Each structure stands twice: as structure tokens, then as C-alpha cells.
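The structure under discussion appears below in the form of C-alpha cells.
The values are calculated or read from the model by the stated rules, or taken from the named source; none is laboratory data. For clarity, every value in this text was computed on a predicted model and none was experimentally measured. Here the Cβ positions follow ideal geometry from the backbone for every residue, glycine too, while neighbour counts run over all protein chains shown.
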Amino acid sequence: QKEVEQNSGPLSVPEGAIASLNCTYSDRGSQSFFWYRQYSGKSPELIMFIYSNGDKEDGRFTAQLNKASQYVSLLIRDSQPSDSATYLCAVIGGSYIPTFGRGTSLIVHP
Amino acid sequence: GAVVSQHPSWVICKSGTSVKIECRSLDFQATTMFWYRQFPKQSLMLMATSNEGSKATYEQGVEKDKFLINHASLTLSTLTVTSAHPEDSSFYICSPTLGSPGGETQYFGPGTRLLVL
């Protein structure tokens, strides 16, 4: 059973702080890793994807992948109240079918 | 990012009727289409996976005769909920995927909220 684990939260950070979201996965054959943001009542929207070990930066977002430790994280710098949402981690492995975590609720308070 | 449309966005229907949901990838050709269902405050639940021109592969516990999936082309897929019942009320989301294995990017439609009375 392939699993993707996320802390459900909520993770509460003050505006302007760095929010750190973590995700671990069980399938060592996983190849593709995605972070999605989902606002209440809306469908997920892609924030970032990462395929290789290391960091990938896109604006205020940085994805970090460590395949040896089987974790992927998302850092949000200069957090804004509009970043308040549920963040979903998704992993695609050898079956080419994505497995989603249950999501971490992030609250950025002014 | 890629543009994906779903129609309708909202459906309210009586128990026993069938509901058809369309998903279109507007600016790319999807190699694979995933259909998800999401109940309130829960994560996405994969229902089925389909490739253009092939029969869909359903996840365990999903009735293939109740949830009919047609993947007519690389830009259009439909999900028909047959003889809908109140327990089928949920948020249905299509997800076309672009790219080859190991390099996929998965996008989501805006979702269809189904309420069965």
C-alpha cells in the first residue's frame, strides 16, 4: 500500500513568516512530486512539481526533495493571508497513478 | 498553466436520475485522465484512470456500472453517474495529465458539485 503522509494541521503562522509544509512517502520508486493548493470549495491548483533531489524555487515557493529520506517539503516565504488553504502533496511512482496525502491546513494570520 | 474546464459546475438532481459531467483540456492533449471524488473535509479519492480510446481502470470499491467513463478524445472525457443516490452527492474533479511517465504534470478541472436529493 503506497502511502503519502502529511500532518493535517492546522499550521498557523504569522503574516510575513516562513511556512514549512512536510510530506513523506512510502514508495521508493516514486519519480514525480507535486504540491497543490486547495481553497475551501475549490479544486486543487498546481503550485510546483519537482523530480530531482534538491531544491526548486519559484517565487515565494521552494520545494525540497530528499529521495533517500523519502520526504518532500514546501516552503512559503513571506506568507500572506491569501496563502491560507489546504496544501496537498502528491506523488507518482512506478504505477504512474498519483497518490495524494490528506493535506495540511495552513492559516496565515495578520 | 493548462486550462481545464468542467461542465456543469453545479448539479442538483432527484434520486434515480443520471448525471453527465464533461471535462475538457482546452489547450493541451491529455495522455491520461483521472477522475476524483472529494467529500467534505476529506482528501481526494481516485475513482478511475482512463486513457484515450481505452476502457477506464476503476479503483477498488468504485462501481464501474454506476460511474461510466468515456474518454472519447485526448481533450474530452465524460463521467456519467447513473441512477444517482444521495450518497453520491460529492465534489467530482477531473484531472488530465500531460507528459510521459516520470515527467508528468497533473492538472485539475474546477470541479462539479453534485447534490442528489
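When you look at residue B:33, is it closer than 19 Å to residue A:44 by Cα and touching a Phe, Trp or Tyr at 6+ places or on another chain (Cβ under 7 Å), yes or no? Break it down into steps so the answer makes sense when it comes.
Numbers: closer than 19 Å to residue A:44 by Cα: yes; touching a Phe, Trp or Tyr at 6+ places or on another chain (Cβ under 7 Å): no.
Here the answer is no, as residue B:33 does not meet what is asked.
Looking at the stretch A:43-50, can you tell me whether even one residue there is within 12 Å of another protein chain (Cβ to nearest Cβ), in a loop (DSSP other than H, G, I, E, B), among the aromatic types (Phe, Trp, Tyr) and within 21 Å of residue B:96 (Cβ to Cβ)? If you could, list the steps in order and put the result at the bottom.
As a first pass, look at the stretch A:43-50 and keep what is within 12 Å of another protein chain (Cβ to nearest Cβ): A:43-50.
Those left that are additionally in a loop (DSSP other than H, G, I, E, B): A:43-44.
Retained after the next criterion (residues that are among the aromatic types (Phe, Trp, Tyr)): none.
No, there is no match, as no residue in the stretch A:43-50 is within 12 Å of another protein chain (Cβ to nearest Cβ), in a loop (DSSP other than H, G, I, E, B), among the aromatic types (Phe, Trp, Tyr) and within 21 Å of residue B:96 (Cβ to Cβ).
Here is the figure for the stretch B:16-28: residues that are surrounded by 13 or more Cβ atoms within 10 Å (Cβ to Cβ) and either hydrophobic (A, V, I, L, M, F, W, C) or not in a strand (DSSP E or B) (or both) total 5.
Would you confirm whether any residue within the stretch A:14-21 is part of a strand (DSSP E or B) and crowded, with 21+ Cβ neighbours inside 10 Å? Looking through the stretch A:14-21, at least one residue is part of a strand (DSSP E or B) and crowded, with 21+ Cβ neighbours inside 10 Å. So, of the residues in the stretch A:41-50 that are surrounded by fewer than 18 Cβ atoms within 10 Å (Cβ to Cβ) and free of Cβ contacts under 8 Å to residues at least 12 places away in the same chain, which turns out to be nearest to the chain's Cα centre (by Cα)? The residue in question is A:45. Residues that are part of a strand (DSSP E or B), modelled with pLDDT of 95 or more and buried (at least 21 other Cβ atoms within 10 Å of the Cβ): does the stretch B:77-88 have at least one? The answer is yes, given that some residue of the stretch B:77-88 is part of a strand (DSSP E or B), modelled with pLDDT of 95 or more and buried (at least 21 other Cβ atoms within 10 Å of the Cβ).
If the condition is being surrounded by fewer than 16 Cβ atoms within 10 Å (Cβ to Cβ) and either touching a residue at least 60 places away in the same chain (Cβ under 8 Å) or away from every other protein chain (no Cβ under 12 Å) (or both), then the stretch B:40-52 contributes no residue at all. Scan the stretch A:51-63 for residues that are loosely packed, with under 14 Cβ neighbours inside 10 Å, more than 14 Å from chain B (Cβ to nearest Cβ) and either assigned to a strand (DSSP E or B) or of a type in the set (D, E, K, R) (or both) and jot them down. Residues satisfying the conditions are A:54, A:55, A:57. For the stretch A:45-69, a residue qualifies if it is among the basic types (Lys, Arg) and farther than 23 Å from residue A:83 by Cβ, and exactly one does: A:67.
Here residue B:97 meets each of (1) assigned to a loop (DSSP other than H, G, I, E, B); (2) in contact (Cβ under 8 Å) with a residue 60 or more places away in the chain; (3) facing another protein chain (nearest Cβ under 9 Å) with one exception, condition (1).
With respect to the numbered conditions (1) in contact with a Ser or Thr (Cβ under 6 Å, 6 or more places away or on another chain); (2) at pLDDT 95 or above; (3) not in a loop (DSSP other than H, G, I, E, B), which one is the sole condition not fulfilled by residue B:71? The single condition residue B:71 does not satisfy is (2).
The rows are residues; the columns are (1) buried (at least 19 other Cβ atoms within 10 Å of the Cβ); (2) closer than 16 Å to residue A:21 by Cβ; (3) at the interface with chain B (Cβ under 9 Å from one of its Cβ atoms).
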residue: A:67; (1), (2), (3): no, no, no
residue: A:74; (1), (2), (3): yes, yes, no
residue: A:84; (1), (2), (3): yes, yes, no
residue: A:90; (1), (2), (3): yes, yes, yes
residue: A:97; (1), (2), (3): no, no, yes
residue: A:102; (1), (2), (3): no, yes, yes
residue: A:109; (1), (2), (3): no, no, no
